[in-house]
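Below is one structure; the comments refer to it alone.
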Amino acid sequence: MAFNRMESATYLASLLAKSFSRALHERGQKLGFAPGQFPILLELWAEEGLTQKQLLDRLDIEQATMANTLSRMERDGLIVRRKHPQDKRSQQIYLTEKAKEMEAAAKEAALAADQSLLAGLRNFERELMLEYMRMALASVARGDGRV
């Protein structure tokens, strides 16, 4: 059986992820964040004071990528790091007022990017697609679908 990229879930998912990233980049740039920062912002909007290790565990990002992204976020005035009160070797990460104030607009930008990519689908098709994507991710998390 020959490989057909348009029949490959991984290839299509990659194209969709790139399209989402581009759409979010266009919207996020106006607000002051990059697509790679968005997952970190989401975690910190839900719970501030996380350590880099906690973010790594939650987001499945490479250590070097996380360190570089956090440095850029700090440079851009989105986060501040403070010494951990119990563990002097680690730091807790907090949002700045700038990042807190952009939460609603950033989430709206992500929703708009999402909707623009799925604009051609009817509601039930969109729901089915999302459900199938969640099922595939659950399969990978269980170890049924090896990565």
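The values are calculated or read from the model by the stated rules, or taken from the named source; none is laboratory data. Keep in mind that what you see is a predicted model, and the values were worked out from it rather than measured. Glycine gets a Cβ as well: all are built from the backbone with ideal geometry, and neighbour counts include every protein chain shown. Note: areas computed on protein heavy atoms with side chains; ligands, DNA, RNA excluded. Shrake-Rupley method; radii C 1.70, N 1.55, O 1.52, S 1.80 Å.
So the values come out like this:
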| quantity | calculated |
| --- | --- |
| Matching residues in segment 37-52 - criterion: being of a type outside the set (Ser, Thr, Tyr) and open to solvent by less than 50 Å² (accessible area, probe 1.4 Å) | GLN37, PHE38, PRO39, ILE40, LEU41, GLU43, LEU44, TRP45, GLY49, LEU50, GLN52 |
| All positions within segment 14-46 that are under 20 Å from LEU118 (Cα atoms), hydrophobic (A, V, I, L, M, F, W, C) and free of Cβ contacts under 8 Å to residues at least 24 places away in the same chain | LEU15, ALA17 |
| From the options LEU16, LEU55, residue that is open to solvent by less than 70 Å² (accessible area, probe 1.4 Å), under 13 Å from the mean Cα position of the chain (by Cα) and among the aliphatic types (A, V, I, L, M) | LEU55 |
| Within segment 109-147, tally of residues that are part of a helix (DSSP H, G or I), surrounded by fewer than 13 Cβ atoms within 10 Å (Cβ to Cβ) and acidic (Asp, Glu) | 3 |
| Count of segment 42-92 residues which are touching a His at 6+ places or on another chain (Cβ under 8 Å) and β-branched (Val, Ile, Thr) | 1 |
| Listing of helices (runs of 4 or more DSSP H) fully contained in segment 1-95 that carry 3 or more residues being of a type outside the set (A, V, I, L, M) and closer than 15 Å to ALA106 by Cβ | 9-31, 38-46 |
